[in-house]
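Asker: One structure, pasted below without further comment.
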Amino acid sequence: MSGVGQRSLHQTAVDQFQRAAELIDLNPSYREILSHPKNEIIVNFPVSLDGGSKKIFTGYRIQHNNLLGPFKGGLRFHPDVDLDEVKALAAWMTFKTALVGIPFGGAKGGVTINPGDYSTEEMRRVVRRFTHALGSNIGPDHDIPAPDVGTSSSTMDIVMDTYANISPPGFRQSVKGVVTGKSIEVGGSIGREEATGRGVLYSVRHWCGETGIRLDELSVAVQGFGNVGANFAELAAAAGCKIVGVADHTGTLVNTTGIDVVKLRHWVGENDGIHGFPGADTVGDEELWDLDVDVLVPAALENQVTVERAERLRCRVMVEAANGPTTADAEVVLAGRGIEVIPDILANAGGVIVSYFEWLQNKSARAWSFADVDDRLRGLVWQAHDRVVERRRDLNCSRREAAYVVALSRIADVYDRRGIFP
């Protein structure tokens, strides 16, 4: 999403890890490798539309690094998907999986498309043709896609089915792990749908433990009410937080006494957006950034927290549920104002963690209970936060830099042990 005059999102991702690399004097060779994706796959594929015409779509799969395990990352269907965006998202996945200690690398993919412009059957054909075009570039032990913006469990079901049908007959029952985030009936994991939102809440809980602030006393504003934002908001409200502001692409709602998130989710299901919800006041879109809250959760797209917005924020902590929501210049402003930031590679890692659990279940032909999934998710999120807090204290750096230090240290250790071929 780097338009004319807009800073490269991939360069932002590189700059973020380079700051941490300086702190630990990371081997220059490792810096060079991590500054570039390993593979950039671009496919142009035709799809038959309902009227009989054909349209060419462009899809991407960027495989950033697979030192620690198979490439891993979502598929995004959005009109702003481009090469620069997907390269950045793939890099962030490498550092995210390394940070939380799961055996995956980083990848990302997507199609430049507005799904709302096409029928259900047309989108099904888009997914199948994209999967077919990727072919052996994905696989359960090579590169494992997952849902992202504009995709869902049903999308993953179709990807898996297509991949199975282009695999040799003897392998068709062993390829369920080619994607994660599938519906439970098709081989998905209990708890995957809300995993990212649940991980965000565990991040807030950890911050509360660090600061001595009670979770059930927090006021919260959420930007973005898709899968991540809505699940987080509902879980946070159930835990006692007061959700006072919510925004999505249709509008912005404020209710200082608290928004009934369950009713709001029902409203969105029937109206395709939060606009017009009777349980809150509709305000101007920019007013969300002016709310006096304890916690602000950007859960939409990249580059939403700009310098101008950062200068107006009135929150104690911002928890990055979205990938790359804060511009580099805005981060400097937030640091100067003393606003804590829990970075994306830490805050929103719940999704890829439970994707790892789903992959393990598929490999072993087992199904874990929700209690098993949630307990393991909480444990990995907590351990990652503990490591970040420790490194932050040791290095006297920002929380984002400490998160990258944890990730880079793990990657560097494996490079040291394995070497670089040849």
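Asker: So what is the calculated 222 nm ellipticity per residue for the chain, using -39500 (n - 2.57) for each DSSP H run with n of 4 or more, over all residues, to the nearest 500 deg cm²/dmol?
Answerer: Theoretical 222 nm ellipticity from helices: -14000 deg cm²/dmol.
Asker: Let me ask another. Could you tell me how far the Cα centroid of the stretch 39-68 sits from the Cα centroid of the stretch 70-96, in Å?
Answerer: The two parts, judged by their Cα centres, are 13 Å apart.
Asker: Scaled to the compact-protein estimate 2.2 N^0.38 Å, what is the alpha-carbon radius of gyration of the stretch 195-342, rounded to two decimal places?
Answerer: Cα Rg divided by the expected 2.2 N^0.38 Å: 0.95.
Asker: Per the Kirkwood treatment, what hydrodynamic radius in Å, one decimal, follows for the stretch 122-194 from the mean inverse distance over all distinct Cα pairs?
Answerer: Here the Kirkwood hydrodynamic radius works out to 12.2 Å.
Asker: So if I place +1 on the C-beta of Lys and Arg and -1 on the C-beta of Asp and Glu, and nothing else carries charge, what would the dipole magnitude of the stretch 36-176 be about its Cα centre? I want it in debye, nearest 20.
Answerer: It comes to approximately 320 debye.
Asker: Moving on. Mind checking which aspartates and glutamates have their Cα closer than 14 Å to the Cα of Lys96? Skip sequence neighbours fewer than 8 apart in that chain.
Answerer: Glu320, Asp344, Glu401
Asker: At a 10 angstrom cut-off on C-beta neighbours, averaged per residue, how do the peptides 323-334, 101-112, 26-37, 142-153 rank from highest to lowest? Intermediate values should be presented prior to the final figure.
Answerer: Details: 323-334: 20.3, 101-112: 24.7, 26-37: 16.0, 142-153: 23.1.
Put in order of decreasing packing, that is 101-112, 142-153, 323-334, 26-37.
Asker: What is the distance in Å between the Cα centroid of the stretch 260-316 and that of the stretch 131-192?
Answerer: When both Cα centres are located, 33 Å separates them.
Asker: Calculate the FRET efficiency for Thr58 and Val186 from the Cβ-Cβ distance with a Förster distance of 22 Å, rounded to the nearest 0.05.
Answerer: The pair Thr58/Val186 has a calculated efficiency of 0.20.
Asker: Can you tell me which of 87-94, 284-291, 356-363, 193-200 comes out highest on packing, and rank the rest after it, using the mean Cβ neighbours within 10 Å?
Answerer: On the way: 87-94: 28.1, 284-291: 16.6, 356-363: 21.9, 193-200: 25.9.
The most tightly packed comes first, giving 87-94, 193-200, 356-363, 284-291.
Asker: Right, another one. Could you give me the percent of Cα pairs per 10 Å distance bin for the stretch 191-257, shortest bin first, beginning at zero and ending with the bin that holds the maximum distance?
Answerer: 22, 52, 25, 1
Asker: Considering only Arg309, Arg337, Arg378, give the residue with the highest GNM mean-square fluctuation for the chain, with springs between Cα atoms whenever their separation is below 10 Å.
Answerer: Comparing Arg309, Arg337, Arg378 in a Gaussian network model of the chain, the most mobile one is Arg337.
Asker: Considering only DSSP beta bridges where both residues belong to the chain, give the percentage that are antiparallel (nearest 5).
Answerer: Roughly 50 percent of the DSSP beta bridges within the chain come out antiparallel.
Asker: Now a separate question. Tell me, what is the percent relative contact order of the chain, built from C-alpha pairs under 8 Å that lie six or more residues apart?
Answerer: Values: 867 pairs, mean separation 68.2, N = 422.
Relative contact order here is 16 percent.
Asker: Over the stretch 195-342, what is the percentage of antiparallel beta bridges among all DSSP beta bridges, to the nearest 5?
Answerer: Here the antiparallel bridges make up roughly 30 percent for the stretch 195-342.
Asker: Follow-up. Compute the whole-percent fraction of alpha carbon pairs in the chain spaced more than 31 Å apart. Before the final figure, lay out the partial values.
Answerer: Details: 32582 of 88831 pairs.
I get 37 percent for the Cα pairs in the chain exceeding 31 Å.
Asker: Continuing with this model, one more query. What do you get when you divide the Cα radius of gyration of the stretch 36-176 by 2.2 N^0.38 Å, with N the number of residues? Intermediate results must be reported in sequence, preceding the final value.
Answerer: Working: Rg = 14.7 Å, N = 141, 2.2 N^0.38 = 14.4 Å.
Cα-based Rg divided by the globular estimate yields 1.02.
Asker: For Ser369 and Arg31, FRET efficiency with R0 = 30 Å and r from the beta-carbon atoms, rounded to 0.05?
Answerer: About 0.10, to the nearest 0.05.
Asker: Something else: Using a 10 Å cut-off on Cβ atoms, rank the peptides 231-242, 263-274 from the highest mean neighbour count down.
Answerer: 231-242, 263-274
Asker: Quote the FRET efficiency, to the nearest 0.05, computed for His275 versus Leu360 with a Förster distance R0 of 41 Å and r equal to the Cβ-Cβ distance.
Answerer: Efficiency, rounded to the nearest 0.05: 0.50.
Asker: For the stretch 104-150, compute the orientation-averaged projected area of the C-alpha convex hull (one quarter of its surface), in nm². Mind dumping the intermediate values first?
Answerer: Working: hull surface 14.9 nm².
The orientation-averaged projected area of the Cα hull of the stretch 104-150 comes to 3.7 nm².
Asker: So, one more: Working out 0.36 nm times the residue gap between Val414 and Asp15, then minus their Cα-Cα distance, what length gain in nm do you get to one decimal?
Answerer: Gain on stretching Val414 to Asp15: 141.4 nm.
FYI, it's all coordinate maths here, none of it is from the lab. It should be emphasised that the depicted structure is a prediction, and the values quoted were computed from it without experimental measurement. Using ideal geometry, Cβ is built from the backbone for each residue, glycine included, and neighbour counts are taken over all protein chains shown.
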